[in-house]
Every structure is written in C-alpha cells, then in structure tokens.
Amino acid sequence: MTSFTVRGTRNGSLVHVTWTDGELTGDFPTVDLVHTEAELVAVLHDDPHAAGAYRELVALPGEPLADAAAAYRLVVHVLDAVRETTGDAVVH
C-alpha cells in the first residue's frame with residue numbers, strides 16, 4: 001500500500017488530502033476540487049488553448065490520480081500553501 005497526506009491551506013482554511021493507492025480522502029471540498037482538476041488534465045492533452053492556461057498540469061499523465069507522484073503534484077497545485085507532507089509522497 002502506498003499512501004501520503006498533504007496538509008496545508010486553501011481559501012484561508014486548514015485542509016488535508018490523503019492519497020492511498022489512487023483513492024482520495026480528506027477535506028471534502030478540496031478532494032472534490034482535486035478530482036475536478038484530474039478530469040481537466042485529460043482535456044489539456046487535446047486542447048492547446050486550455051493547456052496554455054494550465055501549463056503546470058500539462059506534463060501530468062492522463063490519469064494523474066493513478067500515480068503517486070502525479071497525484072502529489074495535483075494536490076499541491078490545488079492547495080494555496082503546503083504545511084506538511086507525510087507518507088510515501090514523491091516530492092519534486
């Protein structure tokens with residue numbers, strides 16, 4: 001089992017997201033936003049205009065939540081600030 005938790009802030013609130021083998025748990029609005037951003041990644045590969053607006057996400061694989069490193073990058077993208085990361089995260 002591979003798992004990591006990222007704690008930080010989003011919109012002025014303390015939040016956390018845990019990724020465990022492709023599944024997300026934690027602060028519901030933040031988890032929901034990470035899922036939405038993950039769906040957006042697939043669009044970026046086919047739409048150069050959208051890719052220009054989200055350059056930091058273009059390099060992610062089409063299913064970013066299936067990979068620990070890509071999921072970590074996506075979670076960090078959604079948070080305003082990271083305070084702590086624990087577990088098996090591949091930090092770049």
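Note on the chain: GNM, Cα springs under 10 Å; of V34, V43, V75, the largest mean-square fluctuation is that of V43. Per residue, the average separation of C-alpha pairs within less than 8 Å and at least 6 apart gives the chain a relative contact order of 38 percent. Other residues within the sphere of radius under 9 Å centred on the Cβ of A68, judged by their own Cβ, net out at -3 (K and R +1, D and E -1).
The angle between the Cα long axis of helix 68-78 and the longest principal axis of the Cα atoms of the chain comes to about 90 degrees, rounded to the nearest 10. Note the angle between two axes, namely the Cα long axis of helix 28-44 and the longest principal axis of the Cα atoms of the chain, as a number of degrees from 0 to 90, rounded to the nearest 10. Roughly 30 degrees between the two axes. The candidate values are [x] 14.4; [y] 13.7; [z] 13.1; the one derived from this structure for Kirkwood radius over Cα pairs in Å carries the label [z]. Available extension along the chain between E23 and E56 is 9.7 nm, counting 0.36 nm per residue and deducting the alpha carbon span.
Given a 1.4 angstrom probe, I'd like the percentage of the accessible area of the chain that is carbon and sulfur, rounded to a whole number. Display every interim value, and only then the final one.
Values: 2640 of 5230 Å².
Carbon-and-sulfur percentage of accessible area, whole number: 50.
The values are calculated or read from the model by the stated rules, or taken from the named source; none is laboratory data. Fair warning: this is a prediction, and the values are worked out from it, not measured in the lab. For neighbour counting, all protein chains shown are included, and Cβ atoms are generated from backbone atoms with ideal geometry for every residue, glycine included. All accessible areas refer to the heavy atoms of the entire protein, side chains included, with ligands and DNA or RNA removed. Shrake-Rupley method; radii C 1.70, N 1.55, O 1.52, S 1.80 Å.
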